[in-house]
Structures are given as structure tokens and as C-alpha cells.
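The values are calculated or read from the model by the stated rules, or taken from the named source; none is laboratory data. All values derive from a computational prediction rather than experimental measurement. Heads up, the Cβs are rebuilt from the backbone with ideal geometry, glycines too, and the neighbour counts pull from every protein chain shown. Note: accessible area is taken over every heavy atom of the protein model, side chains too, but ligands, DNA and RNA are not part of it. Shrake-Rupley method; radii C 1.70, N 1.55, O 1.52, S 1.80 Å.
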Amino acid sequence: KIIISGYLKEFVRGDANNDGNVDIGDAMFILNYLFITGPAPPCLDAADVNDDGQVNISDPVYLLSFLFGQGRLIPDPHTEPGQDPTEDSITCESYG
């Protein structure tokens, strides 16, 4: 993990609950955050599953579609920790 100026540069997109796996638990974590006042994802970039610069209902839907409905691939960094290739206002305070 590389931290520069308080911003963690590497994460895995889709691993919203920060447990090292991208699975249904991540979709549930995002839904809990959005609708049941659950804890915020430690890395909002990881919860921005569709990489549109926002964390909203479309992210768990995108993730579930990928996992169970043969939806589109999750944008990089997905298979291994890496940097976000797109510029947006979402940050990653901690991951890993």
C-alpha cells in the first residue's frame, strides 16, 4: 500500500467492505451505507464500482450484475490493487 499526502493510491474496485474479496458482501455493505446509515466505506473509490465518480444505488446494482448476471466487467483497478485511472472527487482514505 502506498500512501501519499493522506491519500491511499492503491485499492481494489468493488471491495467496498475492505475484506480482500469482491463479493455479495460488498454490495450489501454499500446498500447498508446508503440506506440504513451503516458505516461509510473505508475507501470510497472501492465502493464506486462503476467508476462514475459517485457512490449511489447504481454501484451495488453494477456489482450484483457483474457477479450474478454476467454484467460488464468492473473497471480497473479490479483484479489487483492499483491506482484509479480516472480523475474524480472520490478519495480513498484507507484500504487493506
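Please determine, by comparing only the residues of segment 18-45 that are modelled with pLDDT under 95 and open to solvent by less than 50 Å² (accessible area, probe 1.4 Å), which one is farthest from T79 (Cα to Cα).
It comes out as G38.
Would you confirm, using the coordinates I've provided, whether K9 is at pLDDT below 95, basic (K, R) and open to solvent by less than 60 Å² (accessible area, probe 1.4 Å)?
Yes, satisfied.
When you go through D84, D59 one by one, which is the residue that is closer than 15 Å to L31 by Cβ, among the charged types (D, E, K, R) and buried (at least 17 other Cβ atoms within 10 Å of the Cβ)?
Working: D84 fails: closer than 15 Å to L31 by Cβ.
Result: D59 is the single residue among D84, D59 that is closer than 15 Å to L31 by Cβ, among the charged types (D, E, K, R) and buried (at least 17 other Cβ atoms within 10 Å of the Cβ).
Only residues that are exposed (fewer than 13 other Cβ atoms within 10 Å of the Cβ) and of a type in the set (V, I, T): list them for segment 62-81, please.
Filtering segment 62-81 for residues exposed (fewer than 13 other Cβ atoms within 10 Å of the Cβ) gives 68-70, 72-73, 79-80.
Passing the criteria: only T79.
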